[in-house]
Each structure stands twice: as structure tokens, then as C-alpha cells.
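Chemist: Sharing a structure with you now.
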Amino acid sequence: MPLSTIFDYFGFPEGLQLEPLGSGNINDTWLGTSVQGEKLVLQRINTVVFPYPDRIMHNYRVVLAHLRSKNINLELPSLLPGIDGQGYLFDEEGNCWRAVDYLAGSIAVEHAENPQQAQQGAAAVGTFLNGLADLDPEMVQDALPGFHDSLNRFQHFQKAVEQDVAGRLAEVRNEVAFVQKESQVFQYIHDLGLPLRVVHNDPKIANVLFDAHSGEAIAVIDWDTIQAGSILSDFGDMVRSMTPTFSEDEADVQKVEVVLPLFEGLASGFVPKIQAALSPVEKDHLLQGAFWIILEQMMRFLGDYLSGDAYYKVRYVEHNLVRARNQQALYQSIQKREEELQAILKRYC
């Protein structure tokens, strides 16, 4: 489909120039700038990963309306409706296109650079989730069925190990053994009977926008994964992305560890914003969310590596393996500092 057709559908101005935006592993995103300097965001949704874009758009509208009714202290980017009001368009290859408002003066980061940034990012996520705390999970649809069903994901991982379609198993036996040994955390999480809530499901720090001048977190973006789930998974993903020394792409695992001041910044930002909505079982097991999601992410990277990199974008052959080893190092670092991390959480919970 020519770009002109997409431009016409969304009513883009003539002379719109596109440039890549962000570093997402799944979708493709561009910043569009008109001759007059007006900006917007155009996205091509990966329908292999997200096979139900209609559900994504439904959830976006439900969440947007609910949060706007709360008048929360966050920017909430609007969808461009398109000429038919649906807000999304399929091309001949099955790709789904949508457009949203651009938040001028905003920046994104790949990992927290200081405790204040971790606090700001976590506070934004806490505000976001607190605004959704009274939204009935039945109101949203499963955009990614089984997204954090780690027990099921573990079964798929075991099959990837058995099949070894890319012939890479011999070099990753230690990593595979680590996932298998620690996989009991998935059953532990399942057995907690956690409350079902509407959650983001991918609130890594790269999905928080900051004001370029003040450093204040102003928005939580990338709502494609919003559906019913657990607050523990959202907390775990924040620990995964806001508290390490380096991002998930760092190849030198000796450098990867949880940073206590960053963790304290996260806890001090997130917990006060969401505490009133948390159940006792959620408060008592927040850190288990970190073990859960970090191990799940390691398993996903490693499984994708064994399967020939079919899911995540990679920049070089060993990229998914580097990511998996990075997550293993972070997991082990949290194990070593668990007592200190729990003490920090207790101060805020």
C-alpha cells in the first residue's frame, strides 16, 4: 500500500516527512513532521505478534475514556480517528497502521539514569494503574491471550529446547538449565491467586515519556499490551527496566546488577501512588513480581534464540542470547540483594 493511501486515511498534511522514532522490539514507529512543523506519530503494528489489532484499539479507547474521566495528572495521547472513525487501516500485507498525537518536548530513555528518574517513571506508572484500579477487567479484551501465562510459556520454551530448530542448544545449555531450575517461581505466582486487574503489561521505562526540560514523567505510552492481568507483573517489569546498571542489551554481564538507590527511587515513586488499591497479597509479594517477569523475559529471549529469532528484532546474530544472559545476571543480582530490597519495600508498604 503506498504511503499516500495511509496519509489520506488519517488526513495527514501534504509534505509530511517521516523519520524513525524509538527503539521498540516489535512495532515500527515514525515521527511525522509537516511543513508547518506539526508533529504526529505513525505506527505499523506487527500483526504476527499482535494478531488482534481491533482488540488493541478497543482497549485503547476504553482506557482513554476511563482515565480522562479521572482527570489524572498524566498526558493521554489521542488516537487519530481516520476517515471512517475506526482509527486503523490494514495494508495488502496484513500490516495494521494507526496514528496518535505526538507529545511535544518529550523524551524516552532506555534505563533509569538516576534515582530521581526511577522515582518519576515509577510514579507515572503508579498513577496510571491507580486510575485503572476501578475499571472492570471485563471491559477490556485480550490483545495478547496468555501474555503473562508463564506456565504455558515455559511449556513452549521446553519445546523450543527439544526441537532446537536453529541448532544453537549446545552453546546455551547452562542458560537453559538455569531457567528450568528457577521455573518454580511461575507456579508460585500462579498459586498466589492474585487479583485480576486492568494493567499495562509492559511498563518498562522506555514506555514512560519525560519532559525534556524538567525531567518530570508526563505519560505512560505503548498501550498495545493493556489487558487483564496482575499488578505484580507491572511492578516486575519496572524493576527489570528501571533498577539495573545497564539496559537489557548490555553484553558484559559483569556490569549488570540491581542498584539499590534506583530500586528505592522506584519504590518511593510507585507504592504511594498505588498503595490504597493494593490487596494484602499484592503488597506482600511485590518483589516476587520482579523474579517472575525477569525470568520470564530471560526465557522468552532464550527461546527466541533457540527458534532462530522469529519474534524479537535483532541487530546481530547473538542479540537474543546477550539479552537472555543479561536478564539472568539481573535475576541473580536481585537474589543476592533480596533481603535489602524487601526492607526497602517494607518502608513504603
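Chemist: Those residues that are in a loop (DSSP other than H, G, I, E, B) and either buried (at least 16 other Cβ atoms within 10 Å of the Cβ) or among the aliphatic types (A, V, I, L, M) (or both), I need them from the range 79-95; list them, please.
Modeler: Going through the range 79-95, the residues in a loop (DSSP other than H, G, I, E, B) turn out to be 80-88, 91-95.
Matches in the range 79-95: L80, G82, I83, G87, Y88, N95.
Chemist: Please go through (1) under 24 Å from I231 (Cα atoms); (2) surrounded by 23 or more Cβ atoms within 10 Å (Cβ to Cβ); (3) in contact with a Leu (Cβ under 8 Å, 6 or more places away or on another chain) for E296 and return the number of the only condition it doesn't satisfy.
Modeler: (3)
Chemist: Here's a follow-up. Evaluate the range 267-288: report whether one residue or more is open to solvent by 10 Å² or more (accessible area, probe 1.4 Å), closer than 17 Å to L330 by Cα and in contact (Cβ under 8 Å) with a residue 60 or more places away in the chain.
Modeler: yes
Chemist: Among the residues of the range 93-110, are any touching a Leu at 6+ places or on another chain (Cβ under 8 Å), under 30 Å from T245 (Cβ atoms) and among the polar types (S, T, N, Q)?
Modeler: Step one: list which residues in the range 93-110 are touching a Leu at 6+ places or on another chain (Cβ under 8 Å), which gives 96-103, 106-108.
Retained after the next criterion (residues that are under 30 Å from T245 (Cβ atoms)): 103, 106-108.
The next check asks that each one be among the polar types (S, T, N, Q); those that pass are 106.
Yes, the conditions are met somewhere in the range 93-110.
Chemist: All but one of (1) under 22 Å from V109 (Cβ atoms); (2) under 17 Å from the mean Cα position of the chain (by Cα); (3) polar (S, T, N, Q); (4) open to solvent by 30 Å² or more (accessible area, probe 1.4 Å) hold for N27; which doesn't?
Modeler: (4)
Chemist: OK, next. In the range 96-116, which residue that is open to solvent by less than 30 Å² (accessible area, probe 1.4 Å) and touching a residue at least 60 places away in the same chain (Cβ under 8 Å) is farthest from V259 (Cα to Cα)? Step through it out loud before you land on a result.
Modeler: If we filter the range 96-116 for residues that are open to solvent by less than 30 Å² (accessible area, probe 1.4 Å), which is where we start, we get 96-100, 103, 106, 109, 112.
Still in the list and also touching a residue at least 60 places away in the same chain (Cβ under 8 Å): 97, 99-100, 103, 106, 109, 112.
Numbers: W97: 39, A99: 37, V100: 35, L103: 30, S106: 26, V109: 17, A112: 10 Å.
If we take residues in the range 96-116 being open to solvent by less than 30 Å² (accessible area, probe 1.4 Å) and touching a residue at least 60 places away in the same chain (Cβ under 8 Å), then W97 is farthest from V259 (Cα to Cα).
Chemist: Sticking with this one: Keeping to the range 96-142, report how many residues are of a type in the set (A, V, I, L, M), under 15 Å from H58 (Cα atoms) and either within 18 Å of the chain's Cα centre (by Cα) or not in a helix (DSSP H, G or I) (or both). Let's see the steps before the verdict.
Modeler: Restricting attention to the range 96-142, the residues satisfying the condition of being of a type in the set (A, V, I, L, M) are 99-100, 103-104, 107-109, 112, 118, 122-125, 129, 132-133, 135, 139-140.
Within this subset, residues satisfying the condition of being under 15 Å from H58 (Cα atoms) are 99-100, 135, 139-140.
Checking the rest, the ones that are also either within 18 Å of the chain's Cα centre (by Cα) or not in a helix (DSSP H, G or I) (or both) come to 99-100, 135, 140.
Matching residues across the range 96-142 total 4.
Chemist: Could you check how many residues of the range 247-259 are part of a loop (DSSP other than H, G, I, E, B) and among the β-branched types (V, I, T)?
Modeler: Narrowing the range 247-259 to residues part of a loop (DSSP other than H, G, I, E, B): 247-252, 256-257, 259.
From what's left, among the β-branched types (V, I, T): 256, 259.
Count: 2.
The values are calculated or read from the model by the stated rules, or taken from the named source; none is laboratory data. On a predicted model such as this, the values are computed, not experimentally measured, just so you know. Reconstructed Cβ throughout: ideal geometry from the backbone, glycine too, with neighbour counts over all protein chains shown. Surface areas here come from the heavy atoms of the whole protein model, side chains and all, with no ligands, DNA or RNA. Shrake-Rupley method; radii C 1.70, N 1.55, O 1.52, S 1.80 Å.
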